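Here is the structure we will look at.
The values are calculated or read from the model by the stated rules, or taken from the named source; none is laboratory data. Because the structure is a prediction, the values reported are computed rather than measured. Positions of Cβ are backbone-derived with ideal geometry, glycine not excepted, and every protein chain shown enters the neighbour counts.
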Amino acid sequence: MGSGGASKQRKVRSDRKRDIKPTVPHELRECIYRLAYITDTPVKDVAEAVCINGIHTPKVIGHLSQYFRRDIRFTNTNMNTIYRSNPNCMPISRRALAGQTARITIRFKSETYDTISAIAYALDCTVSRTCALLLDASVRDGDFINEFVRKYLEANLDAERVRELKKILRYVNADNPYGEEYTWVSLLSLMIDEVREVTAKVADAATDFIVKNWRDK
């Protein structure tokens, strides 16, 4: 009872998030944890970003569409597409997960949760299983991973360091004799390997890497 004798109903926040706890292969869980580690980002935030990328990326949804047992329409900034059902495909719910598995807890805004639920309806499986499929399909999107790391580096390095790192990428990728192409992911990995100190801050790692490999040449 309140001071006036009237009961008060707790307000529900419009931005309240909802949990999904997908069970995923151990290797997928480790991949997400590694991405969280090297970018110093909470695991739940990385997993959420991976799933959000998936539901907005045509090639990810296109991959999942082979398992759709009901029609579904996507309308967002990247897609305005109807995917038709494939009633002859094996229900995704019957596909066993190989090897060891683990559970990840992810929190989504209502809009994202509703989209995942709609995909689950099209797949004719649970929301948690759908979330696991999204994680696996989206984390294999190299463009997303590269962009995720680039944004992290730009947010955590000063403008001068970012400019120097961009120069390094341009140089090593120009007429590369080995047919290799370095990305922000490979560059961050190389920086960490060069510093050999897991606890080193990214800014310090970048400075050491630039001085050692660029400015004296």
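Kindly provide the set of residues from the stretch 158-174 that are among the β-branched types (Val, Ile, Thr) and in contact (Cβ under 8 Å) with a residue 12 or more places away in the chain, ordered by number. It would help to see each step written out before you state the result.
Initially, the stretch 158-174 is screened for residues among the β-branched types (Val, Ile, Thr), giving 162, 168, 172.
The one that is among the β-branched types (Val, Ile, Thr) and in contact (Cβ under 8 Å) with a residue 12 or more places away in the chain: Ile168.
Going through (1) of a type in the set (A, V, I, L, M, F, W, C); (2) within 30 Å of Ser189 (Cβ to Cβ); (3) touching a Leu at 6+ places or on another chain (Cβ under 8 Å); (4) modelled with pLDDT of 90 or more one by one, Ile52 falls short only on (3).
Of the residues making up the stretch 65-106, those that are β-branched (Val, Ile, Thr), within 21 Å of the chain's Cα centre (by Cα), over 19 Å from Pro22 (Cα atoms) and at pLDDT 75 or above number 1. Taken over the stretch 155-176, residues that are loosely packed, with under 15 Cβ neighbours inside 10 Å, within 25 Å of the chain's Cα centre (by Cα) and not in a helix (DSSP H, G or I) amount to 1.
Kindly indicate which of Lys21, Lys17 is within 16 Å of the chain's Cα centre (by Cα), modelled with pLDDT of 85 or more and over 19 Å from Asp141 (Cα atoms). Full working, then the answer.
Working: Lys17 fails: within 16 Å of the chain's Cα centre (by Cα).
Going through Lys21, Lys17 in turn, the sole match is Lys21.
Quick check: anything in the stretch 160-178 closer than 25 Å to Ile61 by Cβ and of a type in the set (D, E, K, R)?
Within the stretch 160-178, not a single residue is closer than 25 Å to Ile61 by Cβ and of a type in the set (D, E, K, R).
Within the option set Leu187, Leu135, being of a type outside the set (Phe, Trp, Tyr), in contact (Cβ under 8 Å) with a residue 40 or more places away in the chain and surrounded by 19 or more Cβ atoms within 10 Å (Cβ to Cβ) holds for one residue only, Leu135. Filtered by the rule that a residue be free of Cβ contacts under 8 Å to residues at least 60 places away in the same chain and touching a strand residue (DSSP E or B) at 6+ places or on another chain (Cβ under 8 Å), the stretch 32-61 gives Pro58, Ile61.
Set side by side, the residues Tyr152, Tyr182 differ, and just one is among the hydroxyl-bearing types (Ser, Thr, Tyr), surrounded by 13 or more Cβ atoms within 10 Å (Cβ to Cβ), modelled with pLDDT of 70 or more and not in a helix (DSSP H, G or I), which is Tyr182. Scanning the stretch 35-79 for residues that are in contact with a Pro (Cβ under 7 Å, 6 or more places away or on another chain) and not in a loop (DSSP other than H, G, I, E, B) gives a single hit, Ala36.
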